[in-house]
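The values are calculated or read from the model by the stated rules, or taken from the named source; none is laboratory data. Since we're looking at a predicted model, the values are computed, not measured. Reconstructed Cβ throughout: ideal geometry from the backbone, glycine too, with neighbour counts over all protein chains shown. For the accessible areas, the whole protein counts, side chains as well, though only heavy atoms, and no ligand, DNA or RNA atoms are used. Shrake-Rupley method; radii C 1.70, N 1.55, O 1.52, S 1.80 Å.
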Amino acid sequence: MRKLQVILTSDVDKLGKAGDTVKVAPGYFRNHLMPKLLAVPNIDKFAHLISEQRKICQPIEGEEEQKDVTVIKESKKDMMKEYERAALRLDKAKLVLRRLIDVQKAKVRASKDDPLELRSPMTKDALVAEVARQLCVNIAPENLHLPVPLATLGEYEVPLRLPRSIPLPEGKLNWTLKVKIRSK
């Protein structure tokens, strides 16, 4: 019987934890794991992405050991450093989203150059959830300046509203989050 090697992107009961490489039946992967984004094929491209994401999201081993030994209250200075790191991570990262397009509107558009519309637009709350899932950074919806939901495929730079106490990197006028919306 043929089995596929896949990398789990999140914990799956009776199969493994996020980041594990497991062998599954092709139908189980195609019909259950892949549509729910629970796993990706075990190819170099995805293995590299998973390892990079793990570096960003997982704490350093020494930090976990210290947590068990002593509890130290975080000072305001430590909190600001954490905010700065999160802001830099948001500014450097590119959020890639795959969404379904509106097929009826795609068929009746005036020209092929017109952008494809999404079946359901990306709202602030959906973007906040994707930032938390992909980049492991929790932000409030009011920190995103998105006057209208993103309704078409393409690349966007969404301005971020962060406290002025967080210094901007050199050459930057404001904080932005790069978002790329692709079709499924």
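Values as computed for the structure displayed
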| quantity | calculated |
| --- | --- |
| Bridge type composition, region 80-183 - antiparallel percent by DSSP, nearest 5 | 60 |
| Unit charges at the beta carbon, dipole of the chain: most positive-side option, Leu37, Leu100, Ala86 | Leu100 |
| Overall dimensions of region 4-57 as given by Cα atoms, namely Rg and Dmax in Å | 10.4, 32 |
| Tail weight of P(r) past 26 Å, computed on alpha-carbon pairs of the chain, percent | 48 |
| Base-10 log of normalised Debye intensity for region 80-183 (one unit scatterer per alpha-carbon) at q = 0.17, 0.22 Å⁻¹ | -0.79, -1.15 |
| Whole-number accessible area per residue in Å² for the chain, which is evaluated in the context of all protein chains at 1.4 Å | 72 |
| Whole-number percent relative contact order across region 80-183, with pairs defined as alpha carbons under 8 Å at least 6 apart | 37 |
| Charge context of Leu4, other residues only, Cβ under 15 angstrom, K/R +1, D/E -1 | +3 |
| Sulfur and carbon atoms: percent of accessible area, region 80-183 [1.4 Å] | 53 |
| Net lengthening on full extension, Tyr83/Asn174 (0.36 nm per residue, minus Cα-Cα) | 31.2 nm |
| Number of Lys pairs (Cα under 24 Å; 8 or more positions apart or on different chains) in region 80-183 | 20 |
| Once exposed loop GluC sites (Glu not before Pro) are cut out (DSSP; at most 11 other Cβ, 10 Å), longest piece of the chain | 75-169 |
| Contact order normalised by residue count of the chain, Cα under 8 Å, 6+ apart, percent | 19 |
| Long-range amide H partners of Leu118 with built H, under 5 Å | Asp102, Thr152, Leu153 |
| Residues with amide H under 5 Å from that of Val137, placed H, sequence gap 5 or more | Ala132 |
